[in-house]
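Below is one structure, written out as C-alpha cells, with a few remarks after it.
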Amino acid sequence: KSGPQLPDRKRPQRKDLQHSQLQQQEAADVQLLRRQRAACLLSRAAKQPEGIKMLQASNAFGRLLECLSQQQLQHQQKDDSDASKAAWAESVVRTTALLTAQPGTCTSCSSQQSALAINVCLNLLQSAGPEAAAKGNAALCLSHFAAEPRWHEQLHNADAVKALVHVAYAGKGDATSKNAAIALAKLAKDERMMERLRELHGLEIIYQYVRV
C-alpha cells in the first residue's frame, strides 16, 4: 500500500504567481494612462500664457527632461516599443518644445539641462520606434537651442548637424524636415558646424526649406 499523498502545492503557487503578474500589469497600465492624461494636460497648458507661467514656476522644463531621459534609458534596457508610451513621449516633447520657445528658457537654463535636452532630442531624432512621431517637435526644440550661441559648443560636440541633416532628408518635406532645416540654418552661423554642413550636403536642405 502506498503512503498518504501530500497535496500538490505547485499548481496553487503557479496560479498565485499569474494572478500577481496580472495585478502588476494592470497597475502599470493604470499608471501609464494617468501619465498620458497628465502629459496631454501639460501640452494644452503650454499653449496658454497662464499655463506657461504655471509650468515655468514649477520647473516643468527640467522635470520633463528627466522623465524623457528615464524613459529612453528604460527603452534601451528593455527594448520596449509600446505605442502608448510613445504617445506619452510625443506629448511631453511637444510641451518641451513650447517651453523652449518662450523667451529666456534656453538662455537661462543650466548647462546640465541644456546638455540633457540636446541628448534627449537627438536620441528621438535617431529613433526608429513608435516614438518617431515626436521627431518634429524634437527638431523644433533643437532649433530653439541652436538660436543661442552659448549652446553651440554642446551641439557641435553632440554632432547635432549629422542627426538633423539625416531626418531632414528622410522626412521629404514634412514638419520634421522643415524644423530640422530651421535648426541647421541657425547652426550654420557657427564656423565648425558650417563646415560639417558642407561635408554632409546640408546646405541644400536649408536652401530648400528656409527663406534666406
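For the stretch 111-212, run through the trypsin sites (Lys or Arg not before Pro) and keep only the ones in DSSP coil with at most 15 other Cβ atoms within 10 Å of their Cβ.
Answer in residue order: LYS172, LYS189, ARG211.
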| note | In the structure shown, of LYS53/LYS186; LYS53/LYS189; LYS162/LYS189; LYS85/LYS172, the pairs separated by more than 24 angstrom at the C-alpha atoms are LYS53/LYS186; LYS53/LYS189; LYS85/LYS172
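In Å, the Kirkwood hydrodynamic radius of the stretch 147-199 over pairs of distinct alpha carbons?
11.0
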| Rounded, prolate or oblate: which fits the stretch 83-199 when a ≥ b ≥ c are the square roots of the eigenvalues of the alpha-carbon gyration tensor, with rounded for a/c under 1.5 and prolate only if a/b beats b/c? | oblate
| task | Keeping all protein chains in place, calculate the accessible area per residue for the stretch 113-196 (probe 1.4 angstrom), answer in Å². | result | 41
| query | What nm value, rounded to one decimal, do you get for the distance between GLN70 and LYS162 when each label is placed 7 Å out toward the C-beta? | reply | 3.0
| Given a cut-off of 15 Å, what percent of all Cα-Cα pairs of the stretch 118-169 lie beyond it? | 39
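The values are calculated or read from the model by the stated rules, or taken from the named source; none is laboratory data. No experiment lies behind these values; they were computed from the predicted model shown. Cβ: placed from backbone, ideal geometry, glycine included. Neighbour counts: every protein chain shown. Areas reflect the complete protein model, heavy atoms only, side chains present, ligands, DNA and RNA absent. Shrake-Rupley method; radii C 1.70, N 1.55, O 1.52, S 1.80 Å.
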